[in-house]
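In what follows, a single structure is set out as structure tokens and then discussed.
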Amino acid sequence: MGTKGIDGARGSADAVPASAPATVAELIARQWGDHRPGLRYGTTVLSHHRTAREAAVRAALLTDLLPRKAEPHVGVLLDNTPEFPFWLGAAALAGAAVAGINPTRRGAELARDILHTECALLVTERAHLPLLAGLDLPGVRVLVTDGEEYAGLLAPYAGATPQDLAARRPEPADRLLLYFTSGSTGAPKAAVCSQGRLAAAGHSLARHFSVTPDDVHYVCMPMFHGNAVIADWLPALAAGASVALRRRFSASAFLDDVRAYGATYFTYVGRAVQYLLATPPRPDDHDNPLRLGFGTEAGAVDAARFATRFGVRLVEGYGATEGGASVQRGPGTPPGALGRAAPGDDLAVVDPATGRECPPARLDTAGRLLNGDEAIGELVNRGRSMFEGYWRNPDAEAARTRNGWYWTGDLFFRDADGHLYFAGRTDDRLRVDSENLAAAMIENILARWPDAAAVAVYAVPDEVAGDQVMAALALRPGAVFDPAAFAAFLAAQPDLGTKMTPRYVRVVPAMPVTATNKVHRVALRRAAFLPRPTPEGTPATSGTPATAVAPDVVWHRPHGGAAYRPLTAPDLEALLARYEAQGRADLLSR
């Protein structure tokens with residue numbers, strides 16, 4: 001079987017209504033009376049009508065629980081169970097908003113996410129209750145979907161219909177989602193997404209990918225993340241397609257799920273594609289109903305491998321939850337490029353220091369960038385923007401929209417034909433396996449280590465996609481780096497999220513600093529995990545001249561391991577070979 005085309009054999013885009021409903025509430029209500037399969041979860045199959053009814057039941061409960069709330073926000077701390085789309089639909093019908101709460105957050109940071117978005121109600125499940133233990137959440141009522149009281153709370157509303165809620169009639173401008181995005185300037189920011197923008201996005205993607213009611217969208221990425229909801233659930237809702245849920249992504253179960261559900265479409269972020277390629281090949285890998293995978297950060301090399309192995313085309317896209325800019329892939333897009341600006345966007349690659357547009361990239365015959373120093377800049381949208389702001393964060397909004405432009409915070413370069421290529425994140429930003437992290441947040445945790453005199457955290461490119469966390473540590477006088485003790489310290493930190501743990505640790509005799517005594521992050525990032533000579537004359541944090549102490553030592557934690565070990569010359573050679581094989585070796589020198 002050859003690679004399946006985007007249009008596949010499932011019909012045409014004409015199956016999607018020509019005009020988009022104005023709100024997500026209208027999309028939910030439109031399911032009423034449709035008794036075809038609409039939601040699949042394990043062996044459970046619910047009709048579109050049933051999913052709309054479950055949303056209406058919860059919407060009726062919600063209007064009673066939060067009758068006069070100025071900010072009717074519901075925090076949803078769930079895995080991908082049917083309750084997640086039920087509550088998304090409930091919020092849409094009730095004119096409320098869902099804040100997706102990330103279960104990899106811990107302690108005070110998790111509490112901050114819930115309280116910052118002013119969630120009067122938190123919907124969770126027993127598996128996540130330990131995360132809430134000991135948290136101070138004043139004014140927050142917790143509903144446990146698999147608890148004893150939950151069914152009793154819903155029972156009085158069993159006869160509710162979407163039409164019963166028509167009096168509330170949400171408007172397109174009403175917010176529906178508060179989705180946390182990058183925390184590169186401090187705590188993560190909650191992007192505001194309105195009903196109108198989300199309905200339009202779902203309709204647009206459904207038409208672009210020719211989604212029909214016969215399609216089955218496999219939602220295996222977490223629904224607290226914008227990718228799963230905006231790029232997977234909403235297009236299915238807009239086209240009347242079925243949705244199949246996986247509680248948590250599993251590479252080993254992926255193909256079996258796809259076949260069992262008859263899935264035709266899925267989305268991915270981060271290293272998901274690499275995890276799938278790492279599963280043992282099977283002679284029947286091509287025997288699957290998928291026609292399309294849509295996502296980010298697979299990388300051109302692994303996208304080609306995926307198409308060869310599974311017969312499924314991957315389409316890479318770019319579009320932030322904030323809606324400020326998007327890049328669309330079209331015919332003739334070169335390997336490695338994401339595409340060109342979407343219609344109506346005036347996208348430019350700009351030098352943030354000068355505000356001037358960067359010159360076009362020069363690429364060699366292998367597609368490697370030759371003039372990265374001048375061609376790489378921040379992607380900005382100088383035209384119209386769909387950005388709707390951040391919740392209660394005017395400073396972040398102002399930084400994002402300075403000088404009348406929308407600044408994405410992402411690094412790109414553009415070739416002479418206008419094709420855009422993603423090149424990474426701006427200085428203090430890390431993107432690890434699809435999650436945006438802030439260096440300062442991790443630094444604050446590592447600084448608790450008793451042996452640390454100074455800490456710096458920064459991104460180094462991952463071999464395949466996105467970033468890895470790297471830390472530089474300057475030790476207190478007399479201290480010796482103990483890898484086992486450091487790993488035990490990390491494991492004991494309650495607010496160190498699962499993706500924050502450093503993959504690489506550089507133990508430096510002195511933290512490199514600028515003339516103003518700020519950490520010289522540029523030098524650290526450029527060195528990455530490569531050998532770095534100690535600059536003469538750099539003042540040492542310990543008070544000892546840098547030229548009189550030992551050179552840096554880099555430790556690393558291999559994929560899947562918890563223990564740190566020295567990065568030896570053979571380790572480094574093998575690591576660099578992996579970068580070369582993925583076409584990402586040039587990123588290490590920036």
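Values in this text are rule-based calculations from the coordinates and carry no lab data. This one's a predicted model, so the numbers in the text were calculated from it and none came from an experiment. So basically every Cβ, Gly included, is an ideal-geometry build from the backbone, and we count neighbours across all protein chains shown.
A simple spin-label model places pseudo-atoms 7 Å from Cα toward Cβ; at ARG476 and ALA523 they are separated by 2.5 nm. Taking the DSSP bridge list for the chain and keeping only pairs wholly inside it, about 55 percent are antiparallel. When peptides 241-249, 413-421 are ranked by their average number of other Cβ atoms within 10 Å per residue, the highest-first order is 241-249, 413-421. In percent, rounded to a whole number, the relative contact order of segment 173-266 is 27, using alpha-carbon pairs under 8 Å and six or more apart.
What ranking do 573-586, 49-62 get when scored by the average of other Cβ atoms within 10 Å per residue, highest first?
Ranking the peptides 573-586, 49-62 by packing returns 49-62, 573-586.
Sorting 333-342, 209-218, 229-238 by their mean Cβ neighbour count within 10 Å, with the most densely packed peptide first, gives 229-238, 209-218, 333-342. Computed on segment 344-425, with alpha-carbon pairs under 8 angstrom and 6+ residues apart, the relative contact order is 31 percent. Backbone geometry of segment 145-157 corresponds, through the Karplus equation with coefficients 6.51, -1.76 and 1.60 at θ = phi - 60°, to 3J(HN,Hα) couplings of 5, 10, x, 5, 7, 4, 4, x, 5, 7, 3, x, 10 Hz, x marking Gly and Pro.
Remark on VAL98: its backbone amide H falls under 5 Å from those of VAL74, LEU177, LEU178, a criterion applied only to residues 5 or more positions apart or on other chains, H modelled at 1.01 Å from N. Between ALA399 and LEU132, the contour length at 0.36 nm per residue exceeds the alpha carbon distance by 92.9 nm.
Between GLU580 and VAL513, the modelled labels are 4.0 nm apart [label points 7 Å from Cα along Cα→Cβ].
Need the C-alpha centroid separation for segment 454-522 versus segment 62-106, integer Å. With segment 454-522 and segment 62-106 each reduced to a Cα centre, they are spaced 36 Å. If R0 equals 25 Å, the separation of the Cβ atoms of THR498 and LEU115 corresponds to a calculated FRET efficiency of about 0.70. Between ALA307 and HIS35, the contour length at 0.36 nm per residue exceeds the Cα-Cα span by 94.5 nm. Fully extending the segment from THR365 to VAL553, taken as 0.36 nm per residue of separation minus the present Cα-Cα distance, adds 64.0 nm.
In terms of surrounding Cβ atoms within a 10 Å radius of their Cβ, LEU276, LEU198 rank from fewest to most as LEU276, LEU198.
Working from label points 7 Å from Cα in the Cα-to-Cβ sense, the ALA108 to ASP146 distance is 3.2 nm.
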